[in-house]
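Everything below concerns the one structure shown next.
The values are calculated or read from the model by the stated rules, or taken from the named source; none is laboratory data. Since the structure is predicted, the reported quantities are computational estimates derived from the model, not experimental observations. Here the Cβ positions follow ideal geometry from the backbone for every residue, glycine too, while neighbour counts run over all protein chains shown.
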Amino acid sequence: MKKQFYFGLLFVLAFMPLLAACGGGEDAATEDGLTPIEFRLNWTLYGEHAPFFVGVDKGFYEAEGLDVSIVEGSGSSTTVKLIGNGTNTLGYADSATMMRGVSAGVPAYAVAVTFQSSPMSFIYRADAGGPDTIDKLPGTKVAITAGDASMSIFEACLGANDMTMDDIELIQVTNPQAKEVAVLEGTADVFLGYFVDQPLRMEKTTGIDMEWAKLVDVCNVNTLSSAVIANKFWAEQNPETVTKFVRATQRAWQYTMDNPQEAAEIFASHAEAFDAPLALEEIEGSLTLLHTPNSEGKAIGWSALEDWQSTQQVLEQYAGFKPEEDASVFFTNDFVSESPYEP
C-alpha cells in the first residue's frame, strides 16, 4: 500500500510542469464553438456508465456548449493518476482510491458523487447460498486477487463485527476473472464484486443463477464509491466548464431515472458486450445507490461532509490510511446544480 502512495507522489512531482499547464484558463473551443472534454471512465463499459452516454446521445452536454467524448478506463488508480497529471481533466473513479491519491499529493477532488452507497457485495451461486447475514460469514471461502481493491472495505466489514481475516479462508487467484471461475466451480464460496455488474453478466453468459449480499447490509459498513473527479488546478481555472459538465451529467442521470428502458437501449448501442435487457438490469441496480441518509433529498451528485468523514474513518481504521485533518479537501459541491438541471 505504501508503494502506491510513494508512486503517486513521485508521479505528481514528475509532472508538475504539466500540472501548471492545466491552469491556463478556459479550454480552446472546437470549430463549432464547443469546448472539448475527454471524459475518462474508471473501467471498461458497464451499466453504471449508461447515464454519460445518455448525456451525449440526448445532447445534454452539447446544450451546455461541451463536446464530450467518453473513453474507457483501466482501473480507478490509473484514472486518478491521469486526472492528476493533466492527461485528462475530468474522469470517473472510486472515491476511496481518489482519497489515497489526494493524500499522496495528486491535485484532484470529487465534483459530483454518483454512487454514495457502496455496491461492493458478496457474490455467490444461488444453489450454494452465501453469507447474507453476518453470522454466516465465519469460515467462508473468499476468492481474492493480489492487491484486490475490495479488501479495504472487506477488512472494515470484519473489524466492525469483531472478526479478523483468521475467521474466513482466503482463496488466492490470479486475476478478476479467476475469482468468478473459482465461485462457479466451487473452489471458493464467494468473491467480492459490484452487484450492479458481475453477477448479472455471469448469469447471462453461464446460465447459472447468482445471488449477492451487499456489504453495507451484511456488515453495516459503507464507503462513498464512484464519483466524477476533476484536476483541481484546471477546475479552479475553468469553473464554468466544470459546472456545465456536472449539470449536464446530473440531467443525464435524472433522465436515466425517468427513462431507464431508453437509457438501456442507448447504452447497449455503445457497448458491444451488452444487450438492452442486461443494460437495464445494471442500470436499475445503479440507480439504488445515489444517496445516503445524509444526502437524501439533495441534488444528484451532492455529497455530505459527514459521509466523507465516515469513509475516511473506515480507511484509517482498517486500511492504513493517513487521514486528512479536514475531509473537505476531497470534494466540493460548488459545481453541483439544483434540479431541473437545465442550462
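Structure data summary
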{"item": "Yes/no for A143 being over 30 Å from P51 (Cα atoms) and crowded, with 23+ Cβ neighbours inside 10 Å", "result": "yes"}
{"item": "Evaluation of S295 against (1) in contact with a helix residue (DSSP H, G or I) (Cβ under 9 Å, 6 or more places away or on another chain); (2) more than 26 Å from E342 (Cβ to Cβ); (3) assigned to a loop (DSSP other than H, G, I, E, B) (one fails), failing number", "result": "(2)"}
{"item": "Strands (runs of 3 or more DSSP E) wholly inside region 105-158 containing at least 2 residues that are over 17 Å from Y194 (Cβ atoms) and modelled with pLDDT of 95 or more", "result": "108-113"}
{"item": "Checking S150 against (1) in contact (Cβ under 8 Å) with a residue 24 or more places away in the chain; (2) outside the structural domain of R40 (by TED's automatic domain parsing); (3) more than 15 Å from the chain's Cα centre (by Cα), the condition it does not meet", "result": "(3)"}
{"item": "Number of the condition not met by A230 [criteria: (1) touching a residue at least 12 places away in the same chain (Cβ under 8 Å); (2) over 16 Å from F335 (Cα atoms); (3) of a type in the set (G, A, S)]", "result": "(2)"}
{"item": "Selected residue (criterion: surrounded by the fewest Cβ atoms within 10 Å (Cβ to Cβ)) from residues of region 131-140 that are over 15 Å from E169 (Cβ atoms) and either in contact (Cβ under 8 Å) with a residue 40 or more places away in the chain or in contact with a Pro (Cβ under 9 Å, 6 or more places away or on another chain) (or both)", "result": "T133"}
{"item": "Some residue of region 1-24 being at pLDDT 95 or above and either β-branched (V, I, T) or buried (at least 22 other Cβ atoms within 10 Å of the Cβ) (or both)", "result": "no"}
{"item": "Matching option when the condition is under 17 Å from V216 (Cα atoms), within 19 Å of the chain's Cα centre (by Cα) and touching a residue at least 60 places away in the same chain (Cβ under 8 Å), among S310, S303", "result": "S310"}
{"item": "Every residue from region 30-45 that is in contact with a Leu (Cβ under 9 Å, 6 or more places away or on another chain) and touching a residue at least 40 places away in the same chain (Cβ under 8 Å)", "result": "T35, I37, E38, F39, R40"}
{"item": "Close pairs (6 angstrom Cβ cut-off, 6 or more residues apart or separate chains): farther than 27 Å from Q250 by Cβ in region 318-337, among the acidic types (D, E) and surrounded by fewer than 18 Cβ atoms within 10 Å (Cβ to Cβ) anywhere", "result": "P323/E316"}
{"item": "Given (1) out of contact with any helix residue (DSSP H, G or I) (no Cβ under 8 Å at 6 or more places or on another chain); (2) within 29 Å of W308 (Cβ to Cβ), index of the condition L158 fails", "result": "(1)"}
{"item": "Hits in region 29-75 - residues which are among the charged types (D, E, K, R) and within 18 Å of E272 (Cα to Cα)", "result": "E48, D57, E72"}
{"item": "Residues (farther than 30 Å from V68 by Cβ and touching a residue at least 40 places away in the same chain (Cβ under 8 Å)) located in region 204-216", "result": "I208, D209, M210, E211, W212, A213, K214, L215, V216"}
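Residue by residue, here is whether (1) under 24 Å from A108 (Cα atoms); (2) at pLDDT 95 or above; (3) in a helix (DSSP H, G or I) holds:
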{"site": "Q250", "(1), (2), (3)": "yes, yes, yes"}
{"site": "T256", "(1), (2), (3)": "no, yes, yes"}
{"site": "I266", "(1), (2), (3)": "no, yes, yes"}
{"site": "P277", "(1), (2), (3)": "no, yes, yes"}
{"site": "T288", "(1), (2), (3)": "no, yes, no"}
{"site": "H291", "(1), (2), (3)": "yes, yes, no"}
{"site": "S303", "(1), (2), (3)": "yes, yes, no"}
{"site": "Q312", "(1), (2), (3)": "yes, yes, yes"}
{"site": "E324", "(1), (2), (3)": "yes, yes, no"}
